[in-house]
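Asker: Just dropping this structure here.
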Ligand SMILES: Nc1nc2c(c(=O)[nH]1)N[C@H]1C(S)=C(S)[C@@H](COP(=O)(O)OP(=O)(O)OC[C@H]3O[C@@H](n4cnc5c(=O)[nH]c(N)nc54)[C@H](O)[C@@H]3O)O[C@H]1N2
Ligand SMILES: Nc1nc2c(c(=O)[nH]1)N[C@H]1C(S)=C(S)[C@@H](COP(=O)(O)OP(=O)(O)OC[C@H]3O[C@@H](n4cnc5c(=O)[nH]c(N)nc54)[C@H](O)[C@@H]3O)O[C@H]1N2
Ligand code: SF4
Ligand SMILES: [Mo]
């Protein structure tokens, strides 16, 4: 007998698709998009169209494992859950007695985006008194940049793009990372809209764009300032809107904009002065321009200031007041669903040390007082995804570091574990999901049994809590209880949502207040071009960190992988290789030929790639798409051996793109 059940895509992707899973005899046999989902409308990306191949993969971990060989060698023996949990509890008690609980560090990010399974570890580690992880690897600087101008204002709904006459895909490779937004782009195009792409190289998303503008990496703040300079100079701003809704335009126009005429901006961005004039005039002439701002540009030393500056653009033309106009960076629905019952900040008895997740390499190799003596990794793969891979691997190889990894697959990180614990997939546990690309929330229930002895994140923390003698009532609750707690925690926004449909597993759109768009949630109630509370009250261009090497390295996502997830799926990687793409001039200057093996290098590391020579990459830029697993790499390192632990100007974010390399034949 076959049954079709609803579920949600659990991955770290702005689309958060609705799924229809056909189940036969306890197995998922087919996974399709849910046509009833308001944003994703029944389609999936190629990765999830065969999610059953991940869920029922022969590579799934099904039993706890104990290390028997050297670290990293993938030599383990199976053991029981009581033995594994007992060993962890004993070792942690010893570490706490010798070094204190801060010598234990959790490491997690976004293997699953479900609010409960993603965040419940916080409660456990707060109760333990462990070091706290600053989880800023993705886009904390983007949020900080938006907030500096817009405060807690809600981002424009993605559906509004259909009513826009000019969509700018700014630092967004939507074909890889936001494919369902392209539905809205195509719909707008049918109605006559133009589409521009602003990136550092010609990504596959160029196919949907009428115009492609390539800027030098890290130059977007200068570009936005150049556009605003032209708009102010030529009287192309909406003075009525500015008078009513904008704070500090006069100061901004008088003190900042004069420094950014097109010629100066051209020198920073590499775009011609004519292109900058064209961008400014086209943007100002549009009735309802919609900027869909991706995250690439926030991952530089100047990332927060760059996002802050780009966010100023719609204020000058009054785009916020127009249906279809505005800017969408990330959807933040945190105030609708309060995760406090899951994260339990109240369990922090005394504030403990904070370790930035981007600096794991330093934390494992140089941090003292106390040193990190145990690392507990769950739904993350730091050996692959964290910058400065050589330092991370050196840390993971420490004989005296007690590492536990809770995983679905034998990842590059799991190979370094002392104890590996088998994890469930999203089809095997309960959760509730919100999205950072649209306003839907959705509940998911288990639809197939877990294979072997795999357990969900929360169930493992409940076992560890029992082994350590934590008597708090929370640790006796189930994931379903916690979801109920989250949903009953009063929030005016959630109160207007149809919880019955949510309980039935349907995707439910959070209703936005009708005046959400012009309701600017800043201290002044206006868009704050001038933000008096910021130590730098006006935005400006800051240079990125840069490096002492000639080529900028774009470490961008690829369609077949999601960060390092799906590395287990050979079917998705057939015919693809870990490539470095270079412009013909840069390849020729180094005597490198298409298809050859090359090594990209800088002061932090060396990584072997297969070379692709293509004019789609501008001179001075190298592109390495995808966070590959070592088993699929031509050498013994992957792209993050080149990236650095340096942080962004604000909010301690990652700076993956702020990397330079040189390339030689390998
Ligand atoms: N298939 C797939 N989908 C994914 C992911 C994946 O790995 N694979 N990752 C997921 C995650 S965790 C996230 S956070 C999102 C991220 O998705 P996006 O928001 O799209 O962010 P990125 O892909 O990092 O960067 C987008 C683009 O920014 C460009 N870029 C880099 N530097 C600059 C710059 O200085 N200026 C400009 N204008 N452009 C620049 C890059 O070339 C890239 O094309 O995608 C999610 N979706
Ligand atoms: N070079 C480079 N590096 C990058 C990026 C880049 O663009 N370029 N992007 C960065 C960004 S934006 C992000 S957000 C990070 C993402 O980094 P991570 O959040 O670490 O993402 P993944 O690589 O997807 O690893 C998630 C792991 O969780 C496991 N998992 C899935 N579900 C569960 C579960 O329910 N329980 C447990 N215990 N495990 C589970 C999966 O099997 C997978 O191995 O990577 C960053 N790293
Ligand atoms: S990875 Fe993104 S596009 Fe693919 S199914 Fe999941 S949410 Fe949808
Ligand atoms: Mo991310």
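Asker: How are the Cα pair distances of the range 258-355 distributed, in percent, across 5 Å bins from 0?
Answerer: With 5 Å bins starting at 0, P(r) equals 2, 10, 12, 16, 18, 13, 8, 6, 6, 6, 3, 1.
Asker: Also, quick follow-up: Modelling each spin label as a point 7 Å along the Cα-to-Cβ direction, I'd like the residue 499/residue 323 distance in nm, to one decimal.
Answerer: A separation of 3.3 nm, rounded to one decimal place.
Asker: Can I ask one more? Using only the alpha carbons, work out the radius of gyration and Dmax of the range 596-666 in angstrom.
Answerer: According to the Cα coordinates of the range 596-666, Rg and Dmax are 13.0, 40 Å.
Asker: Any idea what angle helix 181-190 forms with the longest principal axis of the chain, computed on alpha-carbon atoms, 0 to 90 degrees, nearest 10?
Answerer: Tilt relative to the chain: about 30 degrees.
Asker: Something else now. Could you give the semi-axes, largest first, of the ellipsoid that matches the range 525-666, computed as the square roots of 5 times the alpha carbon gyration tensor eigenvalues and rounded to whole Å?
Answerer: 32, 19, 14
Asker: Something else now. Relative contact order of the chain, please, whole-number percent, based on alpha carbon pairs below 8 angstrom and at least 6 residues apart.
Answerer: 21 percent
Asker: Would you calculate the separation in nanometres between label points at residue 400 and residue 210, each defined as 7 Å from the Cα along the Cα-to-beta-carbon direction?
Answerer: My value for the distance between the label points is 6.5 nm.
Asker: Give me the angle, in degrees from 0 to 90, between the Cα long axis of helix 115-128 and the longest principal axis of the Cα atoms of the chain, rounded to the nearest 10.
Answerer: Once rounded, one gets 60 degrees.
Asker: When DSSP beta bridges are limited to those with both residues in the chain, what percentage is antiparallel, rounded to the nearest 5?
Answerer: In the chain, approximately 45 percent of DSSP beta bridges are antiparallel ones.
Asker: Additional query: Suppose R0 equals 45 Å; then what is the FRET efficiency for residue 2 and residue 636 from their Cβ-Cβ distance, rounded to the nearest 0.05?
Answerer: E(calc), rounded to 0.05, equals 0.50.
Asker: Over 18 Å, how big is the tail of the calculated P(r) for the range 2-55, in percent of all Cα pairs?
Answerer: 23 percent
Asker: Is the C-alpha gyration tensor of the range 412-495 telling us rounded, prolate or oblate? Criteria: a/c under 1.5 is rounded; beyond that, a/b larger than b/c is prolate, otherwise oblate.
Answerer: Oblate shape, in that a/c is at least 1.5 and b/c is the bigger or equal ratio.
Asker: Which residues in the range 127-166 have a backbone N closer than 11 Å to a point placed 7 Å from the Cα of residue 472 along the Cα-to-Cβ line?
Answerer: 127-130
Asker: Expressed as an acute angle from 0 to 90° and rounded to the nearest 10, what is the orientation of the C-alpha long axis of helix 220-233 relative to the principal long axis of the chain?
Answerer: It works out to around 30 degrees.
Asker: Just to confirm my numbers, what's the Cα centroid distance between the range 526-544 and the range 278-299 in Å?
Answerer: The range 526-544 and the range 278-299 have Cα centres separated by 19 Å.
Asker: Using only helices, what value at 222 nm comes out for the chain when you add -39,500 (n - 2.57) per DSSP H run of length 4 or more and divide by the total residues, to the nearest 500 deg cm²/dmol?
Answerer: -7500 deg cm²/dmol
Asker: Run the quick spin-label model on residue 518 and residue 570: label points 7 Å from Cα toward the beta carbon, then report their separation in nm to one decimal.
Answerer: Between residue 518 and residue 570, the label points sit 6.1 nm apart.
Asker: For the range 75-209, what is Rg from Cα atoms divided by 2.2 N^0.38 Å, rounded to two decimals?
Answerer: 1.63
Asker: If you line up the Cα atoms of the chain on their principal axes, what length do they span on each, largest first, in Å?
Answerer: So the extents along the principal axes, rounded to whole Å, are 73, 63, 53.
Asker: In a solvent-free Debye calculation with one equal scatterer on each Cα, what is log10 I(q)/I(0) for the range 380-452 at q = 0.21, 0.24, 0.27 Å⁻¹, listed in the order of the q values?
Answerer: Per q value, in the given order, log10 I(q)/I(0) is -0.92, -1.01, -1.13.
Asker: Moving to a separate point now. Multiplying the sequence separation of residue 536 and residue 186 by 0.36 nm and subtracting their Cα-Cα distance, what value in nm do you get?
Answerer: So the extension gain works out to 122.1 nm.
Asker: Roughly speaking, what % of Cα-Cα pairs in the range 140-329 are separated by over 25 Å, rounded to a whole number?
Answerer: Tail fraction, whole percent: 27.
Coordinate-derived values only; no laboratory data. Because the structure is predicted, anything quoted here is derived from the model rather than measured. Cβ coordinates were reconstructed from backbone atoms using ideal geometry, including for glycine residues, and neighbour counts include every protein chain displayed.
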